[in-house]
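Here the structure is laid out as structure tokens; the discussion comes afterwards.
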Amino acid sequence: MPNDNLLIIEGLKKYFQIGKGFLGRKADTVKAVDGVDLTVRKGETLGLVGESGCGKSTLGNCILRLEEPTAGSVFFENRNVLALDDKSMRKLRRNMQIIFQDPYSSLNPRKTVGQIIGEAFRIHGLLTPEQRRERIRELLSVVGLMPEHIHRYAHEFSGGQRQRICISRALALNPKLIIADEPVSALDVSVQAQILNLLVRLQNKFDLTYIFISHDLSVVRHISDRIAVMYLGKIVELAPFQELYRRPLHPYTESLLAAVPLANPLIRRKRVPLTGDVPSPINPPANCRFHPRCSYRNRICSREIPTLDEIESGHHVACFFPRNGG
Amino acid sequence: MGLIMVNPLLRIEGLHTYFSTEDGIVKAVNGLDLTLAEGETLGLVGESGCGKSVTALSIMRLVQQPAGRIVRGRIFFEDNDLAGLTDEEMRHIRGNRISMIFQEPMTSLNPVFKIGNQIAETYQLHQGIRHREALQRSVKILAKVGIPDPAKRINEYPHQMSGGMRQRVMIAMALACNPDVIIADEPTTALDVTIQSQILDLMNQLKLDFGASILLITHDLGVVAEMAQRVAVMYAGKIVEQARVADLFAEPKHPYTLGLMASIPKLDEPVPPDRILQTIPGVVPNLRNLPPGCAFQDRCIRGFERCFKEDPLIVNLGSDHQVRCWLYAE
């Protein structure tokens with residue numbers, strides 16, 4: 001049912017030119033996102049995992065057009081986001097918000113909490129000053145802060161409280177979609193749990209759809225309905241959360257999961273050794289980008305590009321030799 | 001208590017390290033007792049600001065003076081009180097007998113010197129050998145920590161290496177003089193999970209080869225479970241619980257340890273249907289203005305009258321398991 005899809009991403013690419021062509025030398029291209037197809041359903045949390053440099057944040061930024069994609073399309077409620085002019089885009093942004101990783105650098109230190117959250121209403125010309133203050137107070141209590149915090153500055157808050165301010169700012173215009181880019185990575189364990197719980201409760205209360213970007217596989221599993229694994233600009237596996245962890249089909253997902261240290265000294269797992277570093281996205285390995293590090297590779301992996309195919313119901317993988325007899 | 005406990009390699013007694021700031025005195029480490037036995041890996045766990053890094057700096061005598069200072073307590077290394085050593089004597093221990101691996105290899109390596117020269121410096125300082133021989137040893141130690149083509153890599157600068165490679169260089173530097181104790185402060189926190197697993201495997205392998213004891217400082221209970229034999233949980237400048245790893249994870253006793261364990265999503269357990277985690281309410285106390293009694297009092301769900309009045313004493317729960325909590329006192 002197409003109506004269940006809030007966001008449809010097709011063939012999205014984002015290339016960055018680096019080291020400007022100098023004296024006829026060719027500039028290098030970083031293929032940060034290189035052909036991503038992804039659908040986000042209304043009301044779900046889609047987890048996006050991968051290691052640094054895999055392109056997960058760039059993908060999030062491209063959806064909101066905080067960075068202009070090089071190619072591809074993004075449909076939000078069946079409207080092509082990339083075709084909108086500035087004015088229509090601004091209007092659409094009410095429906096799509098983002099929460100960043102670092103609550104220290106994403107709040108203006110010279111503005112009060114009220115000004116930070118109220119900015120959304122100012123930009124979109126909504127509500128009277130009176131109504132704005134009322135709404136800001138309400139938003140603050142929704143995220144577990146006090147209405148009287150409205151006059152304080154960001155530095156007066158702890159990391160967890162700052163992230164709550166960022167969340168209330170994201171909620172201000174009643175968005176449908178929130179992209180949360182590593183929202184708990186900078187927080188301590190006990191605070192992380194408080195913020196995760198808050199995100200879950202807000203989702204239930206306001207029927208939000210989340211794209212949850214993180215490098216932390218335990219956190220992503222905890223919060224997501226479906227999870228997409230990214231490697232060097234491409235999605236290599238996409239599955240419902242239990243499926244991905246119970247039966248990872250891509251060798252990279254398998255290694256990634258096995259690399260997470262478990263808080264249980266009784267479990268000793270077989271590690272799937274993953275040697276070497278992630279290759280540079282400037283000159284990624286041809287065809288299957290994972291093949292140089294893959295223990296199951298075969299000749300075809302360096303000769304052809306594996307496509308992301310649904311090989312079981314809801315379980316997609318881009319690999320010629322999926323694991324677990326997939 | 002086992003035999004190894006009789007003569008620990010490193011013994012910290014009643015350590016208090018304070019920092020004076022404009023807003024008052026920060027009691028970063030506030031009465032810490034800890035021992036590290038020969039050949040063991042001890043995990044020191046806690047959240048930001050609990051004093052775990054200051055503990056490491058105190059051992060190394062690297063606390064930033066004059067703001068920070070060890071006010072009380074003693075640190076014995078092989079029965080010598082480190083506080084009583086002259087700067088010269090301490091220099092002989094630091095980097096030689098006790099070395100350190102920091103979290104961020106990019107900021108702990110000097111960006112303007114080649115990798116080889118930075119490692120060679122350690123040998124030249126502590127073993128008084130010539131530069132050429134020191135460089136040869138650097139190549140050898142880089143090979144030991146799994147850096148491919150080490151004879152070439154010694155001529156590279158830190159920025160030419162990846163994060164994982166830089167951390168290997170840090171480890172090589174820490175191992176250079178075959179130290180008795182390695183203090184690793186969040187050694188894998190800045191790394192991706194697959195690189196983290198490579199570095200953790202490497203540390204375990206090298207520990208077997210070199211026979212050093214490791215004080216592993218981390219916020220990650222998973223890392224502790226995989227690496228350590230014993231674990232100490234720190235809160236507001238004190239150790240609140242200490243046990244063998246298997247015991248601590250099987251039967252955590254301190255309400256803070258319990259809360260910490262409940263608040264992390266676990267890969268080896270089912271996801272709760274409502275997706276809600278148990279949390280520790282509130283935030284860490286202000287270390288400038290600690291309340292009387294237990295520092296965890298206002299976040300504790302099992303606190304009672306005594307917790308607000310008296311600082312809890314250490315209770316022995318047998319078999320090397322200690323907890324600092326009134327719930328377990330007679």
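The values are calculated or read from the model by the stated rules, or taken from the named source; none is laboratory data. Keep in mind that this is a model prediction, so the values were computed, not measured. Please note: Cβ atoms are built from the backbone with ideal geometry, for glycine as well, and neighbour counts cover all protein chains shown. Just the protein is used for accessible areas: all its heavy atoms, side chains included, with ligands, DNA and RNA removed. Shrake-Rupley method; radii C 1.70, N 1.55, O 1.52, S 1.80 Å.
Of all residues in region B:136-166, those satisfying the criterion of being of a type in the set (A, V, I, L, M) and open to solvent by 40 Å² or more (accessible area, probe 1.4 Å) are B:A143, B:A151.
Scanning region A:137-156 for residues that are touching a residue at least 40 places away in the same chain (Cβ under 8 Å) and surrounded by fewer than 19 Cβ atoms within 10 Å (Cβ to Cβ) yields A:V142, A:G144, A:R152, A:Y153, A:H155.
Restricting attention to region B:272-290 and to residues that are open to solvent by less than 30 Å² (accessible area, probe 1.4 Å) and within 7 Å of chain A (Cβ to nearest Cβ), the residue that is modelled with the lowest pLDDT turns out to be B:I280. Beta carbons closer than 6 Å, at least 6 apart along the sequence or on distinct chains, never pair a first residue in region A:213-225 that is within 7 Å of chain B (Cβ to nearest Cβ) with a second that is in a loop (DSSP other than H, G, I, E, B) and open to solvent by less than 10 Å² (accessible area, probe 1.4 Å).
Number of residues in region B:221-237 that are touching a Pro at 6+ places or on another chain (Cβ under 7 Å) and either at the interface with another protein chain (Cβ under 8 Å from one of its Cβ atoms) or among the charged types (D, E, K, R) (or both): the value is 4. Hey, can you tell me all the residues within region B:179-192 that are within 12 Å of another protein chain (Cβ to nearest Cβ) and open to solvent by 20 Å² or more (accessible area, probe 1.4 Å)? Scanning region B:179-192 gives B:T189, B:A190, B:L191, B:D192.
Every listed requirement among (1) within 13 Å of another protein chain (Cβ to nearest Cβ); (2) buried (at least 23 other Cβ atoms within 10 Å of the Cβ); (3) touching a Pro at 6+ places or on another chain (Cβ under 9 Å) is met by B:V240 save one, (1).
Within region A:183-197, residues that are within 7 Å of chain B (Cβ to nearest Cβ) and under 12 Å from B:I280 (Cα atoms) reach partners that are among the aromatic types (F, W, Y) and assigned to a helix (DSSP H, G or I) with beta carbons closer than 9 Å, at six or more positions or on different chains, in the pairs A:S190/B:Y256.
For B:A225, state whether it is part of a strand (DSSP E or B), farther than 21 Å from B:A28 by Cβ and out of contact with any strand residue (DSSP E or B) (no Cβ under 6 Å at 6 or more places or on another chain). When the stated conditions are applied, B:A225 does not pass them. Only residues that are at the interface with another protein chain (Cβ under 7 Å from one of its Cβ atoms) and either touching a helix residue (DSSP H, G or I) at 6+ places or on another chain (Cβ under 8 Å) or not in a loop (DSSP other than H, G, I, E, B) (or both) were counted across region B:262-271, and they come to 6.
Is there a residue being at pLDDT 95 or above, open to solvent by 50 Å² or more (accessible area, probe 1.4 Å), more than 25 Å from the chain's Cα centre (by Cα) and more than 14 Å from every other protein chain (Cβ to nearest Cβ) anywhere in region A:114-126? Looking for residues that are at pLDDT 95 or above, open to solvent by 50 Å² or more (accessible area, probe 1.4 Å), more than 25 Å from the chain's Cα centre (by Cα) and more than 14 Å from every other protein chain (Cβ to nearest Cβ), one finds at least one in region A:114-126, hence yes.
Scanning region B:250-260 for residues that are open to solvent by less than 20 Å² (accessible area, probe 1.4 Å) and either of a type in the set (G, A, S) or within 8 Å of another protein chain (Cβ to nearest Cβ) (or both) yields B:G259, B:L260.
Residue-by-condition table, conditions (1) in a loop (DSSP other than H, G, I, E, B); (2) out of contact with any strand residue (DSSP E or B) (no Cβ under 7 Å at 6 or more places or on another chain); (3) within 22 Å of B:R153 (Cα to Cα); (4) open to solvent by 70 Å² or more (accessible area, probe 1.4 Å):
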site	(1), (2), (3), (4)
B:V63	yes, no, no, no
B:P66	yes, yes, no, yes
B:G73	no, no, no, no
B:E88	no, yes, no, yes
B:N96	yes, yes, no, no
B:T107	no, yes, yes, yes
B:P111	yes, yes, yes, yes
B:I119	no, yes, yes, no
